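The values are calculated or read from the model by the stated rules, or taken from the named source; none is laboratory data. Bear in mind that the values here come from a model prediction, so they are computed numbers and not experimental data. Virtual Cβ from ideal backbone geometry, glycine too; neighbours counted across all protein chains shown.
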Amino acid sequence: MTLLFGLMVTGYAFGAVAAALSPNDRAARLLTASGTVVGGGAGLAVAFGHFASGAPLALEAPALLSIADGLAFRVDALGAFFLALVGLVAVPCGIYGAGYSAAYEGRYSLRFLGAMLNLFLLTMSLVPVAGNVLTFLLMWEGMSLTSYFLVMTEANEPDTVQAGGWYLAMTHGGLALVLAAFLLLAGGAATTSFADLRTAAATLSPATRNAVFLLAVLGFGSKAGIVPLHVWLPRAHPAAPSHVSALMSAVMIKLGVYGLLRVGLDLLSGGPAWWGALLIGLGGLSAVLGVLYALMENDLKRLLAYSSVENIGLVFIGVGTGFLSLSLGAVPAAMLALSAGLYHALNHAAFKGLLFLGAGSVLHATHTRDMNRLGGLIRRLPWTALFFLIGSLAIAGLPPLNGFVSEWLLFQSLLPGIGSSAPLVAPLMTLAVGVLALTGGLAAAGFVKAFGITFLAIPRSPAAEHAHEAPGSMRMGMGILAVACAGLGLAAVPIMSGLGSILAGHAGLAATTPRLGGLSLSMPGAVGQMSPTLVALGLVVATAGVWIGVRLFARGPGLRVDETWGCGRIAQTPRMEYTSTAFAEPLRRVFAGLYRPTKDLSIDFHPESRYFVQSIEYRSEIVPWFERYLYAPVIARVRWWAIGTRAIQSGSVHAYLTYLVLALLGLLVVLLVQGA
Amino acid sequence: MIGYVLEVAQAALALLLAPGVVGLIRWMKARLQNRRGAPVWQPYRELAKLFQKEVVVSNNASWLFRAAPFVVFGSAVTVTLFVPILAVPLPFDGVGDLLVVVYLLLLGTFFLSLAGLDPGSPFGGMGASREMTIAALAEPTVALAIFALALSAGSTNLGQIVARTMSHPGAALSPGHLLAFLALFIVALAETGRLPIDNPATHLELTMIHEAMVLEYSGRYLALIEWAAAVKLLVFFSLLGNLFVPAGISMALTPATLAIAVVTLLAKFAVLAGAVAILETRIAKLRLFRVPELLSVSFVLGLLAVTSSFLLR
């Protein structure tokens, strides 16, 4: 185990150093990928080794940075789960990146990209296994900084610089809140190791516990991309290279969930009912708004990023229901809800990783992310199309893939709450059911749009017409995740019992094992049962049976390929097709209260007669509520302060030395007064 | 063993009866409108004819267009395995619950919408976009109606819901059940493309939803899609008939009770088909952008159903 842990660290570190020192771009790409694959694979092995043996692995170096207890790593079940999550996505993204980053050769530094990618993965793998506050914060900040540099890879694009700015500001705001949460927690502890914090947390006053929880929700929520702290996410994730987008959306935002669970569930051992209600509220808001904004996007990668906001909302609904049930003493229900949340986090890692890689493959082939300029790619990129379709089915929560299983479990975990007699719980849960169902339906609509407009029908631009399939390495990366999407759904029974043992022991959660009725998933606390394996089998057998039946008995006189029927028009052009905007138009009108679409129509008439039109230009935009009404005032105020402080920044060293002396004198006076 | 045989027999019966239910609605509608109307078995003739006809596929269409009818039909067939049609409890009750049924039907809709986009025709895109909008907005109502039933039955599995209502016949008339029935009825109209949401008999492309989406299909592919749509209608009729009024459904699995089950099932279908026929004769199609209002009414009904089930447990 220690050896594997060492291999993981060395793998990533080797990838980083070797990429930085590599002689040429090609070598840099391959060395980056080899480090990533070795590190990710070893990370997976560490996690599964822990699941198999249950032996905790602790590594400490108190001499390093001894003022704050030094560096300490400790692999426990919860950490191992998130470590596995990193490894699961890191390996395919590493393989994919080797081919994808070839497009950067000669334009951007591949040495820097490779080094940053491996450092990002290294710090991200070490966050969930950090054993004390210092290690956690160091790794957390390392993860944020390296991912900032990764977002900035395509620094020549003006959008990228802006996205990077948003990301840097939000992530450091989040860090400050997390830091405050840990400072409050550590108030009564001897050292800052998580084990000591856990014992100390029991003695904290309820007000302090509430404050710690709120700070943790805001701090970790900003990393997770929960509404209204999500504004950086649809900017930063699409700007990064696609395999990095995949890692950020699939894994990094999940570490926000990890942080929340570590603090809220592990260290604080749950709390009053309103904690859970708050998480459900934030989750529901994120789920609905995330999917509604995703529907309006024409940029493929931004659509995926908004959909990450939606899915993290679903995870929060699960986790929140868990906290709520825990506070009501319903342990099996809490177990079910928390496992469902974690299961959805795992599934989202697989399908969102896959979809971002697919979008990257589209971008690689056509150099555009605008769906209104894509189309017809299923013929030019058959493999990418197949993988993207699998990802779309999974994310839309359709059987028999993994997304369906976790959505089903989330539904199941809400039902016991509806029957609860505690005040206000039943209405909250009923609304959560509505939110969950609406989100599922809208996600299906959104991914019909994402797949249908991008891959089907006639190409809408020459770039889409002359697209080419991705190279083997990229196809392999996507293939691994596509298999994971199917496998994670079929293996629901072992996964749920595994998640049960991961969560057991935290906050008095007893280990519950699924009642295994053959292949049926029947959880204690759940009110229904379902077998993902048999549903999948039934679906495959039925579909294949119909196909064989039709071939045998109803072949008909054959098949003719002809033009699309078009009401008597002469020829079909791509301009007649439904576009991404058109597809979402009905929903834009249904939810006009939220979107407040602006309409700007300018018609250029023929000079001779107003009956003939030379050109029509139609523009419609939706109101960015959060940016305009929440962030704009804050940014304006910060800017005002910044301009104010400019007055004391003269640029003269003498002036700065004077400030130092004045500050020192001020401190001495304070000490003097306090001492007296 | 008898359970598995019944399971397959029930699915086969659903597939065989489905076109007849559509024919029955059409015949009743024609009679109500003072027309003679085609015989009830006309849809069977149409399907037989379509299976014999040549298939024309758009030159823009990909493999997905040809695969979609099989997925749509396959998912409809799978659904019939989980829906109580003749008897409960059956061995597949624990394999899939009501949520599985709903999401399997959504899988069919998903593929059909993609197939609508595939030929690049504006009508297909229009149909796909509208169908997905309506499907998405109907989803919350379905979930709430399911939960209203599950709350009193203690399970989302269909066999248990039916068994519970059988043992508590009074529950069938509880406000929770009645409200859930109304909510699910509106959703059934929306999901199966009936008036006032969609007009299955329309000839004008601009007002079509379901028909626009499948406009490019012909021959055996069209036959599969039409048949699957009929099965979907039958599934909703079975849910409405058997979940809310389970009387007649066989629990003993003896030949006599099964015979009674078949007869009551046919009677329930006739009543529901009559209701749809009267409704379609009496009311006109809603404007597309009035449909969300109707669906929000059904959502509120679902909400009330859950609330009253909760309060009156």
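Below are the figures for this structure:
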{"read-out": "Flag for B:Gly120 being more than 19 Å from A:Ala437 (Cα to Cα), small (Gly, Ala, Ser) and touching a residue at least 40 places away in the same chain (Cβ under 8 Å)", "value": "yes"}
{"read-out": "Residues of region B:15-65 satisfying the condition of being aliphatic (A, V, I, L, M) and within 12 Å of chain A (Cβ to nearest Cβ)", "value": "B:Leu15, B:Leu47, B:Ala48, B:Leu50, B:Val55, B:Val56, B:Val57, B:Ala61, B:Leu64"}
{"read-out": "Residues being in a helix (DSSP H, G or I) and either at pLDDT below 90 or over 13 Å from A:Leu314 (Cα atoms) (or both) - total across region A:395-404", "value": "1"}
{"read-out": "Subset of region A:454-471 (residues that are within 7 Å of chain B (Cβ to nearest Cβ) and surrounded by 24 or more Cβ atoms within 10 Å (Cβ to Cβ))", "value": "A:Leu456, A:Ala457"}
{"read-out": "Condition broken by B:Ala38, with the remaining ones in (1) closer than 24 Å to B:Val21 by Cβ; (2) assigned to a helix (DSSP H, G or I); (3) among the hydrophobic types (A, V, I, L, M, F, W, C) satisfied", "value": "(2)"}
{"read-out": "Meets criteria (hydroxyl-bearing (Ser, Thr, Tyr) and not assigned by TED's automatic domain parsing to the domain that holds A:Leu431) for A:Ser249", "value": "yes"}
{"read-out": "Some residue of region A:362-369 being surrounded by fewer than 24 Cβ atoms within 10 Å (Cβ to Cβ), touching a strand residue (DSSP E or B) at 6+ places or on another chain (Cβ under 7 Å) and either modelled with pLDDT under 90 or not in a helix (DSSP H, G or I) (or both)", "value": "yes"}
{"read-out": "Among (1) of a type in the set (A, V, I, L, M); (2) surrounded by 24 or more Cβ atoms within 10 Å (Cβ to Cβ); (3) assigned to a helix (DSSP H, G or I); (4) over 22 Å from the mean Cα position of the chain (by Cα), the one test that A:Ala72 misses", "value": "(3)"}
{"read-out": "Single unsatisfied condition, A:Val127 versus (1) among the β-branched types (Val, Ile, Thr); (2) surrounded by fewer than 22 Cβ atoms within 10 Å (Cβ to Cβ); (3) assigned by TED's automatic domain parsing to the domain that holds A:Phe112", "value": "(2)"}
{"read-out": "Search result, residues across region A:316-343 that are closer than 16 Å to A:Gly221 by Cβ and within 20 Å of the chain's Cα centre (by Cα)", "value": "A:Phe316, A:Ile317, A:Gly318, A:Val319, A:Gly320, A:Gly341"}
{"read-out": "Scan of region A:565-578 for residues that are in contact (Cβ under 8 Å) with a residue 60 or more places away in the chain, facing chain B (nearest Cβ under 8 Å) and not in a helix (DSSP H, G or I), ordered by number", "value": "A:Gln572, A:Glu577, A:Tyr578"}
{"read-out": "Test for B:Arg164: is it within 13 Å of chain A (Cβ to nearest Cβ), assigned to a helix (DSSP H, G or I), charged (D, E, K, R) and crowded, with 20+ Cβ neighbours inside 10 Å", "value": "no"}
{"read-out": "When residues of region B:43-99 are limited to those that are of a type in the set (Lys, Arg) and part of a helix (DSSP H, G or I), the one farthest from B:Phe237 (Cα to Cα)", "value": "B:Arg66"}
{"read-out": "Among (1) in contact (Cβ under 8 Å) with a residue 40 or more places away in the chain; (2) assigned to a helix (DSSP H, G or I), the one test that A:Leu183 misses", "value": "(1)"}
{"read-out": "Single residue of region A:6-19 satisfying the filter (of a type outside the set (Ser, Thr, Tyr) and surrounded by fewer than 23 Cβ atoms within 10 Å (Cβ to Cβ)) that is farthest from A:Pro56 (Cα to Cα)", "value": "A:Ala18"}
{"read-out": "Selection from region B:167-177 of residues that are in contact (Cβ under 8 Å) with a residue 60 or more places away in the chain and part of a helix (DSSP H, G or I)", "value": "B:Pro169, B:Ala172, B:Pro175, B:Gly176, B:His177"}
{"read-out": "Cross-chain or 6+ apart pairs with Cβ under 8 Å, region A:422-445 first and free of Cβ contacts under 8 Å to residues at least 24 places away in the same chain, then not in a helix (DSSP H, G or I)", "value": "A:Ala426/A:Gly419; A:Ala426/A:Ser420"}
{"read-out": "Among residues of region B:146-159, those that are crowded, with 24+ Cβ neighbours inside 10 Å, among the small types (Gly, Ala, Ser) and at the interface with chain A (Cβ under 7 Å from one of its Cβ atoms), counted", "value": "1"}
{"read-out": "Some residue of region A:405-412 being free of Cβ contacts under 8 Å to residues at least 60 places away in the same chain, closer than 23 Å to A:Tyr306 by Cβ and at the interface with chain B (Cβ under 7 Å from one of its Cβ atoms)", "value": "yes"}
{"read-out": "Filter result for the condition that a residue is surrounded by fewer than 24 Cβ atoms within 10 Å (Cβ to Cβ) and either in contact with an Asp or Glu (Cβ under 6 Å, 6 or more places away or on another chain) or not hydroxyl-bearing (Ser, Thr, Tyr) (or both), over B:Ala67, B:Ala143, B:Ala115", "value": "B:Ala67"}
{"read-out": "Residue count for region A:413-436, restricted to those that are among the β-branched types (Val, Ile, Thr) and more than 7 Å from chain B (Cβ to nearest Cβ)", "value": "2"}
{"read-out": "Residue in region A:364-379 that is touching a residue at least 24 places away in the same chain (Cβ under 8 Å) and within 30 Å of A:Ser339 (Cβ to Cβ) present", "value": "no"}
{"read-out": "Residue match in region A:611-620 (condition: within 14 Å of chain B (Cβ to nearest Cβ) and either out of contact with any Asp or Glu (no Cβ under 8 Å at 6 or more places or on another chain) or surrounded by 14 or more Cβ atoms within 10 Å (Cβ to Cβ) (or both))", "value": "no"}
{"read-out": "Within region A:216-278, helices (runs of 4 or more DSSP H) holding 1 or more residues that are polar (S, T, N, Q) and modelled with pLDDT of 90 or more", "value": "A:242-247"}
{"read-out": "Failed condition for A:Gly165, given (1) touching a residue at least 40 places away in the same chain (Cβ under 8 Å); (2) surrounded by fewer than 24 Cβ atoms within 10 Å (Cβ to Cβ)", "value": "(1)"}
{"read-out": "Tabulated pairs, region A:542-554, first more than 7 Å from every other protein chain (Cβ to nearest Cβ) and surrounded by fewer than 19 Cβ atoms within 10 Å (Cβ to Cβ), second modelled with pLDDT of 85 or more and part of a helix (DSSP H, G or I), C-beta under 9 angstrom, 6+ apart or interchain", "value": "A:Ala544/B:Phe70; A:Ala544/B:Gly74; A:Gly545/B:Gly74; A:Gly545/B:Val77; A:Phe553/B:Phe51"}
